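Worksheet: one structure, shown below.
The values are calculated or read from the model by the stated rules, or taken from the named source; none is laboratory data. Note that the structure is a prediction, hence the values are computed from the model and not measured. Virtual Cβ from ideal backbone geometry, glycine too; neighbours counted across all protein chains shown.
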Amino acid sequence: MTYLKKSPWIIHYDASSCNGCDIEVLAALTPLYDVERFGIVNTGNPKHADVFLVTGSVNEQNREILKNTYDQIPDPKVVVAVGICATSGGVFRECYNVSGGIDKIIPVDVYVPGCAARPESIIDGVVTALGILETKRLAMVGRSERKNNKAGETV
Amino acid sequence: MLGPFAYCRDTPRGGGLMTAGPFEPIINAIVYILLAPVVGGLIAGIDRKVTARMQGRVGPPILQPFYDVGKLFEKEDVVVTTTQNFYVLSYLVFMVVAGALFFSGGDMLLVIFAFTLSHIFLVLGAYASFSPYSHIGAERELIQIIAYEPMIIFTAVGMYMVTRSFFVSSIVSSGIPIILYLPGVFFGYLIVLTIKLRKSPFDLSTSHHAHQEIVKGITTDFSGPNLGKIEIAHWFEYVFLIGVVYLFFGWNPLLAIAAIIIAYFLEILIDNTTARVKWQLTLRSAWIVAGTLGIVNLGVLYYLKAVVP
């Protein structure tokens, strides 16, 4: 029952990235890399997504949007920070308007450094994230089962 | 000319299957309900594979749609408004009812009624949420329904004019090569099939491809199990729509299956070679096709009926 790993749908958000990493993310969809062979679909809708790809060092303008998008993704979900800006803020780390890495705003599961991150390493990061996604699903199922058992005991 | 009009002049028709046992319609309906999701899912999988090959990609496994739906039922059930659950379930149920009526040999008009009703439930479900993208998708879905509905009705009327029956069982068992009498209607049906299968250039309300200008259109606010139910309803829909193609070639099953494969391949080819059009052009082209091919075809049949008794 591990359909989750076979069908990860991705939402990609550009949190004030220079567009370098975003082009590499989209390059993964092209015939050369073709991530759809793993069942990966680039969906534009957080409510359909399982994997959240974020690029760029978050600034004051889009930290709320980033948080909102993250909250709209149904559990289980994983976050992949793509590029060094998303990982730590990169060269923009000390700018006055920059949060310095998306893990200041939302919990990050996989970091993919690079400027820009190469499509191979992005795909590698997503595949690593799938393992974490499965762990989270098991934790979610276990939690609801425990809750059910507890309810059964009290009755 | 031993046309369809000389045929079955006084034979009482209608009322389902004549020669088969009383339980055959029920068995057909049950077989449809059990097998249609499997066949529909496989069609969707082959569709994605062929599409990928046309784009020079490897593409997902054939069973990918089943993985997708399995995944959707594993996800958290996020519901924006609880009325959504009712509308999505009604969409699925009425789609199954429409297909089951069709495959049990029921009345084409009743089938079309149930089919349209199920889509109205999907539109209502999208309107029940608060997302503007969902509302735009719902509006476009309504426009699509308005666009394809005349041609679907003409299909049923054309089959009635040829076989003198609205009952699917009588149409299939009539043994008449319906395609020879209704080539225009068949072509028009193929055009609206593009709308119904949500393929370019008419994939206005939602799409399986990476068009994201209205997020996901009509399915924007459905997630997890509800989206899974919508996908399963699509599978039922595919099998029903293909069943109508079969009716045109019902006198020769082998030819019918060949026609279905060619028709579906053409749909995929059109999907991959055209850009999305605006809703005005969708409505106009669907109605012009229905108005010319459909009405001219039916008019010629009507004329022949008067001239060739």
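For this structure, a couple of remarks:
- Residues of the range B:21-38 include none that is within 14 Å of chain A (Cβ to nearest Cβ) and in contact (Cβ under 8 Å) with a residue 24 or more places away in the chain.
- Among the residues making up the range B:289-309, those that are in a helix (DSSP H, G or I) and β-branched (Val, Ile, Thr) are B:VAL289, B:THR292, B:ILE295, B:VAL296, B:VAL300, B:VAL307.
- Being under 17 Å from the mean Cα position of the chain (by Cα) and outside any helix (DSSP H, G or I) is not true of B:LEU193.
- Residue in the range B:157-164 that is surrounded by fewer than 22 Cβ atoms within 10 Å (Cβ to Cβ), at pLDDT 90 or above and within 30 Å of B:LEU301 (Cβ to Cβ) present: yes
- Taken over the range B:120-174, the criterion of being among the β-branched types (Val, Ile, Thr) and over 21 Å from the mean Cα position of the chain (by Cα) is satisfied by B:ILE136, B:VAL162, B:THR163.
- Counted residues, the range A:35-80 - those being among the hydroxyl-bearing types (Ser, Thr, Tyr) and assigned to a helix (DSSP H, G or I): 2
- Some residue of the range A:102-114 being within 14 Å of another protein chain (Cβ to nearest Cβ), surrounded by fewer than 23 Cβ atoms within 10 Å (Cβ to Cβ) and over 23 Å from A:ILE23 (Cβ atoms): no
- Only a single criterion out of (1) among the small types (Gly, Ala, Ser); (2) farther than 19 Å from B:LEU298 by Cβ; (3) more than 19 Å from the chain's Cα centre (by Cα) is not satisfied by B:GLY228, namely (3).
- None of B:GLU213, B:GLU237 is of a type in the set (Asp, Glu) and without any contact (Cβ under 8 Å) to a residue 24 or more places away in the chain except B:GLU213.
- Entry remark, the range B:216-249: residues being outside any helix (DSSP H, G or I), of a type outside the set (Phe, Trp, Tyr) and surrounded by 23 or more Cβ atoms within 10 Å (Cβ to Cβ) number 4 in total.
- Check on B:LEU89, in a helix (DSSP H, G or I) and either away from chain A (no Cβ under 14 Å) or surrounded by fewer than 17 Cβ atoms within 10 Å (Cβ to Cβ) (or both): yes
- Residues of the range B:219-233 satisfying the condition of being among the β-branched types (Val, Ile, Thr), facing another protein chain (nearest Cβ under 10 Å) and in contact with a Leu (Cβ under 7 Å, 6 or more places away or on another chain): B:THR219
- Cross-chain or 6+ apart pairs with Cβ under 8 Å, the range A:118-131 first and among the basic types (Lys, Arg), then modelled with pLDDT of 90 or more: A:ARG118/A:GLU24
- Across the range B:17-37, a minimum of one residue is classified as within 24 Å of B:ILE218 (Cβ to Cβ) and at pLDDT 90 or above.
- Test: residue in the range B:99-121 that is within 14 Å of chain A (Cβ to nearest Cβ) and free of Cβ contacts under 8 Å to residues at least 12 places away in the same chain: no
- The range A:65-100 - residue that is within 17 Å of the chain's Cα centre (by Cα) and polar (S, T, N, Q) and, of those, farthest from A:LYS47 (Cα to Cα): A:SER88
- Residues of the range A:31-60 classified as polar (S, T, N, Q), surrounded by fewer than 22 Cβ atoms within 10 Å (Cβ to Cβ) and at the interface with another protein chain (Cβ under 8 Å from one of its Cβ atoms), total: 2
- Filtering the range B:261-288 to residues that are part of a helix (DSSP H, G or I) and aliphatic (A, V, I, L, M) leaves B:ILE261, B:ILE262, B:ALA263, B:LEU266, B:ILE268, B:LEU269, B:ILE270, B:LEU281, B:LEU283, B:ALA286, B:ILE288.
- Within the range B:39-75, if we keep just the residues that are away from chain A (no Cβ under 14 Å) and touching a residue at least 24 places away in the same chain (Cβ under 8 Å), the residue that is surrounded by the fewest Cβ atoms within 10 Å (Cβ to Cβ) turns out to be B:VAL39.
- The residue that is farthest from A:GLU60 (Cα to Cα), among those in the range A:2-30 that are within 12 Å of chain B (Cβ to nearest Cβ) and polar (S, T, N, Q), is A:THR2.
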